[in-house]
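Dumping the structure here so I can ask a few things about it.
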Amino acid sequence: MQYILEYGCGVKFKGVEQFRKIYQGKAHKCIVADLMPSTTYRFRVRPIGVQTADPDAKDTLERGDWSEVVSVTTLAK
């Protein structure tokens with residue numbers, strides 16, 4: 001099982017918030033660097049898994065649903 005972590009990049013396209021992938025891997029923790037003080041960021045995560053039904057077939061990628069978006073505000077300097 002792996003996870004994808006994304007954050008809202010502050011841009012909307014056709015009314016839909018755009019997100020940018022910042023991590024993909026097996027860890028349950030991730031340090032996000034280069035955040036600005038007193039700034040609100042929006043994050044979401046989803047599980048992904050690779051399953052092989054047939055050794056001769058290509059791996060299939062199963063993606064879970066996105067989590068609810070969580071807003072986090074960094075501290076002031």
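Just give me the residues in the stretch 20-41 being of a type outside the set (Asp, Glu) and open to solvent by 90 Å² or more (accessible area, probe 1.4 Å), in sequence order.
ARG20, LYS21, LYS26, HIS28, LYS29, ILE31, MET36
What pairs can you find where one residue is in the stretch 10-28 and closer than 16 Å to SER71 by Cα, the other is among the aliphatic types (A, V, I, L, M) and outside any strand (DSSP E or B), and their Cβ atoms are less than 9 Å apart, with a gap of 6+ or different chains?
So the pair list comes out as GLU17/VAL69; PHE19/VAL69; ILE22/VAL32.
Among the residues of the stretch 22-77, write down those that are among the hydroxyl-bearing types (Ser, Thr, Tyr) and at pLDDT below 85.
Hits for the stretch 22-77 are THR52, THR60.
Of the residues GLU17, GLU6, only one is of a type in the set (Asp, Glu), at pLDDT 95 or above and either open to solvent by less than 100 Å² (accessible area, probe 1.4 Å) or not in a loop (DSSP other than H, G, I, E, B) (or both); which?
GLU6
The values are calculated or read from the model by the stated rules, or taken from the named source; none is laboratory data. Values in this document were obtained by computation on a predicted structure and should not be read as measured data. We place every Cβ from the backbone using ideal geometry, glycine too, and count neighbours over all the protein chains shown. What goes into the accessible areas is simple: the full protein's heavy atoms, side chains included, and nothing from ligands, DNA or RNA. Shrake-Rupley method; radii C 1.70, N 1.55, O 1.52, S 1.80 Å.
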